[in-house]
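This report concerns only the one structure given below.
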Amino acid sequence: MEPKIVRFDLGKEYIILTSALYPEGIIRVNQICSIFVDKSYCSGNPWGDVINWCPSKSAIMFMTAAKNYTFKETDWGKFFISAGIGRSGEDAGCTINIGVFVDKGLNINGLVDLIRTVTEAKAGALRDLGYKFTGTVSDAIAVGSLPGNEYFIGPGTKLGKKIAYDIRNTIVELLFKGDD
């Protein structure tokens, strides 16, 4: 079965740090490519599959069997979330993929701090819904920013608090819809 492929243009180039399938390392991207596969998808080479399905050297690539997703533009930047958890959180086909791209100049420490903020927001959303786990086995996060020197973007900062609020509420909305 062919996957559904959805692309989102970020409108500018961001420096990213990610746990997604592609790309590796610290790199610049200007789009998101989300690949929606069937729950029966099984491959020994998912890295090759995403590159074949979404050939682009400037895209962050997520893969999921979840059905619910959104892409939003905010006053602080843009974000993408696809969310599904199955019954136990151990279902590798259903994932919570999150891409957060801030229109602020962060350094590497700032990107790592943003990963922490996003991860805590995801765990908080799952807690809000009554789950006893903090994610699924195949979750991925990508964070990106403009080049800069800012170190802190944790939930104690004004911007970090806004990002955490938006991510947490959006995950709750997507998972509340069900269908996974």
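For a test of the definition: using alpha carbon positions, the gyration tensor, and the 1.5 limit on a/c, classify the chain as rounded, prolate or oblate.
It comes out oblate by the Cα gyration axes.
Amide H of Val137 versus every other amide H placed in the peptide plane: which residues, excluding those fewer than 5 positions away on the same chain, fall under 5 Å?
Those lying under 5 Å, H to H, from Val137 are Asp91.
Name the cysteines of the chain that stand alone by the Cβ rule: no other cysteine Cβ under 4.7 angstrom.
Result for the chain is Cys42, Cys94, no neighbouring Cys Cβ within the cutoff.
Can you work out ³J(HN,Hα) from phi for every residue in region 45-61, in order, using Karplus 6.51 cos²θ - 1.76 cosθ + 1.60 and θ = phi - 60°, giving whole Hz and x for Gly and Pro?
Couplings: 9, x, 5, x, 4, 5, 5, 5, 6, 9, x, 6, 8, 10, 10, 7, 10 Hz.
Taking the highest mean first, how do the peptides 20-32, 42-54 order by number of other beta carbon atoms within 10 angstrom per residue?
My ranking of the peptides, most packed first, is 20-32, 42-54.
Of all DSSP beta bridges in the chain, what percent run antiparallel (nearest 5)?
Counting DSSP beta bridges with both partners in the chain, the antiparallel share is about 65 percent.
Could you derive backbone 3J(HN,Hα) for region 102-108 from the dihedral phi with the Karplus parameters 6.51, -1.76 and 1.60 (θ = phi - 60°), listing whole Hz in sequence and x where the residue is Gly or Pro?
Listing the rounded values in order: 9, 8, 9, x, 10, 9, 4 Hz.
Pull up all non-local amide H partners of Met63: gap of 5 or more, or a different chain, and H-to-H distance under 5 Å with H placed in the peptide plane.
Leu21, Ile35
Of Gly44, Leu10, Phe62, which is farthest towards the positive pole of the chain's charge dipole, taken about the Cα centre with +1 and -1 on the beta-carbons of Lys, Arg and Asp, Glu respectively?
Comparing the listed Cα positions along the dipole, Leu10 ranks first.
Kindly work out what percent of the DSSP beta bridges joining two residues of region 75-175 are antiparallel, to the nearest 5.
In region 75-175, DSSP labels about 45 percent of beta bridges as antiparallel.
Computed FRET efficiency, Cβ-Cβ of Lys158 and Arg116, R0 22 Å: what is it to the nearest 0.05?
So, using R0 = 22 Å, E works out to roughly 0.85.
What list of ³J(HN,Hα) couplings, whole Hz, do you get for region 69-80 from phi and the Karplus terms 6.51, -1.76, 1.60, once you set θ to phi - 60° and write x for glycine and proline?
These are the phi-based 3J(HN,Hα) values: 7, 8, 10, 10, 9, 10, 6, 9, x, 9, 8, 10 Hz.
Here, each number is a calculation from the coordinates, and none is a lab measurement. Just so it is clear, the structure is predicted and the values come from calculations on it, not from any experiment. Here Cβ is always computed from backbone atoms with ideal geometry, including for glycine, and neighbour counts include all displayed protein chains.
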